[in-house]
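To start, the structure itself, in structure tokens.
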Amino acid sequence: MGRSFPVPDDWAATFDAVPRSLFLPDLVWAHDMTTGTSRSVDRCADETGWLDATAEDVPIVTQWDDGAHHGAEPGTVPTSSASQPSVVAAMLDLLRVEPGMRVVEQGTGTGWNAALLAHRLGDANVTTVEIDPQVAAHARTRLHAAGYRPRTVCSDGAYGHPDGAPYDRVIATFGVRDIPLPWIEQTRPGGMLLVPFGGRYSNADALVRLTVHADGTASGPFLQPVEFMKMRSQRLTWPAPPPTGGTITETTTEQLPPSLASSTRSRSSPACACATSPTPSSPTTTALAPCGCTHSPPRPGPPPPSAAERTSITSASTAPADSGTTSNRPSPGGGRPASPASNDSASPSPRAPATPGSTIPAGRSRRCFSRPQQPGGRGCLRGGRSGRVRGTRCGRGRSRGACPRGGGRVGSGSSLDGSGCGPSRAAPRRKRLVCTHR
């Protein structure tokens, strides 16, 4: 029959009776699938070339930029087209229509697909929905001129068309990233939806056929890859480059008023001349200064110890080695002196009573070793200093020398999960190897 594309046997007579050229405007743009470019073809200037282009197995663009584009040159974004004939034939075959079925088409476009369905099922059983008034008016005119009068509705296809529901079949001629729930609700149980479905990371789609169940859900397989123009309400909007040139830069830094933008210069750029002190009302604000630099004020440290606290720390530093208090002397294993501020880990020991004036309560270990450390790493990550680990982790291994104090032994007892040596205050007691710091 001279067709340049394959057609299933059930649809061959329909495609022969309803050629695509009946529904195309005089000025169209044939899309080259290999190069991804479009070329204009004007019927008034070259009718033979126009007929050849409409008979090829390629998509034909009929509208650019939602109708805002004018002229023979291609526009920026194609927004309406006559789909590739081989894809149209494959989708109609996968729709599995039978005589007497009622079908709603989402996306009228040129009207060619609606005419094919009307030729096969009858005008009364076909409803087609188009969101663009100009496109809908052109399709209605072409359908009537070709002798077909399906119900043509100009509305947003995302809401379906409840007046004609329920339908036996729903077919979409544009891609979606979320399948509208009304399409499922307006399909009878056992009915099918054939939809190009895609993600949010590209324009590629996969054709999915869903069967509607009695409980209001729908499920089905992906059939083949396709690529369609997207539903207008589900388009991805990409930022355009600045008109003066340059690149697009995204940032999460908030542009604050000058009164809140004073802060100290970060360590990474100490030479900035605009670094100032943080505003007292917002000491932790990270602001964008007029120079364009991002400043991070220093975090406020702990207040200096009072005279009584200094006396308490001094008393603690002279306590015996087994008293459970903090000692500033080197440990027998050669470790570094402990920090007097470390009291996160609990390691009760009957041999470690509290020392009067000590800053660490009775039953607390000398070292905070709250996170598992690698062999050879250093001690406390919660404020204090500790010795070097020469074996396996404290409380995690069996080897001698695992204690960060160097002179301790590894014994059997309870431990905190991830919070140091000693019995767990929150987790269930479990037998583990822990450092007793004796």
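The values are calculated or read from the model by the stated rules, or taken from the named source; none is laboratory data. Note that the coordinates shown come from a computational prediction; the quantities given were computed from them, not determined experimentally. Counting neighbours? That spans all protein chains shown, and the Cβs are built from the backbone with ideal geometry, glycine included.
Scanning segment 55-65 for any residue that is more than 43 Å from the chain's Cα centre (by Cα) and either farther than 15 Å from residue 87 by Cα or in a loop (DSSP other than H, G, I, E, B) (or both) turns up nothing.
Results for (1) loosely packed, with under 13 Cβ neighbours inside 10 Å; (2) β-branched (Val, Ile, Thr); (3) under 20 Å from residue 227 (Cβ atoms); (4) modelled with pLDDT of 95 or more, shown as yes or no for each residue.
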{"site": "9", "(1), (2), (3), (4)": "yes, no, no, no"}
{"site": "18", "(1), (2), (3), (4)": "no, yes, no, yes"}
{"site": "31", "(1), (2), (3), (4)": "no, no, yes, no"}
{"site": "36", "(1), (2), (3), (4)": "yes, no, yes, no"}
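Surrounded by fewer than 16 Cβ atoms within 10 Å (Cβ to Cβ) and at pLDDT 95 or above: is that true of residue 25 in this structure? Spell out how you get there, then give the answer.
Working: surrounded by fewer than 16 Cβ atoms within 10 Å (Cβ to Cβ): yes; at pLDDT 95 or above: yes.
Yes.
Within segment 214-230, the set of residues being in a loop (DSSP other than H, G, I, E, B), surrounded by 10 or more Cβ atoms within 10 Å (Cβ to Cβ) and touching a strand residue (DSSP E or B) at 6+ places or on another chain (Cβ under 6 Å) comprises 220, 227, 228. Close contacts from segment 81-99, counting a first residue that is more than 25 Å from residue 34 (Cβ to Cβ) and a second that is in a helix (DSSP H, G or I) and of a type outside the set (Val, Ile, Thr), with Cβ to Cβ under 6 Å and a gap of 6+ residues or different chains, come to 92/11. Condition check for residue 94 on (1) under 32 Å from the mean Cα position of the chain (by Cα); (2) over 23 Å from residue 140 (Cα atoms); (3) not in a helix (DSSP H, G or I): one failure, at (3).
Annotation: residue 118 fulfils all but one of (1) in a helix (DSSP H, G or I); (2) surrounded by fewer than 21 Cβ atoms within 10 Å (Cβ to Cβ); the unmet one is (2).
Scanning segment 24-77 for residues that are over 18 Å from residue 110 (Cβ atoms) and hydroxyl-bearing (Ser, Thr, Tyr) gives 34, 35, 37, 48, 76. Across segment 69-87, the qualifying residues are those that are within 32 Å of the chain's Cα centre (by Cα) and hydrophobic (A, V, I, L, M, F, W, C), and the one among them that is farthest from residue 44 (Cα to Cα) is 87. Does residue 134 satisfy the condition of being in contact with a Gly (Cβ under 7 Å, 6 or more places away or on another chain) and surrounded by fewer than 20 Cβ atoms within 10 Å (Cβ to Cβ)? For residue 134, the condition - in contact with a Gly (Cβ under 7 Å, 6 or more places away or on another chain) and surrounded by fewer than 20 Cβ atoms within 10 Å (Cβ to Cβ) - is met.
For residue 48, state whether it is farther than 23 Å from residue 78 by Cα and free of Cβ contacts under 8 Å to residues at least 12 places away in the same chain.
Working: farther than 23 Å from residue 78 by Cα: yes; free of Cβ contacts under 8 Å to residues at least 12 places away in the same chain: yes.
In short, yes.
Residue 146 passes every criterion in (1) surrounded by 17 or more Cβ atoms within 10 Å (Cβ to Cβ); (2) within 24 Å of residue 207 (Cα to Cα) apart from (2). Within the set 114, 146, the sole residue that is in contact with a strand residue (DSSP E or B) (Cβ under 9 Å, 6 or more places away or on another chain) and either in contact (Cβ under 8 Å) with a residue 24 or more places away in the chain or of a type in the set (Gly, Ala, Ser) (or both) turns out to be 114. Only one entry of 93, 123 meets the criterion of being in the same structural domain as residue 193 (by TED's automatic domain parsing) and touching a Lys or Arg at 6+ places or on another chain (Cβ under 6 Å), and that entry is 123.
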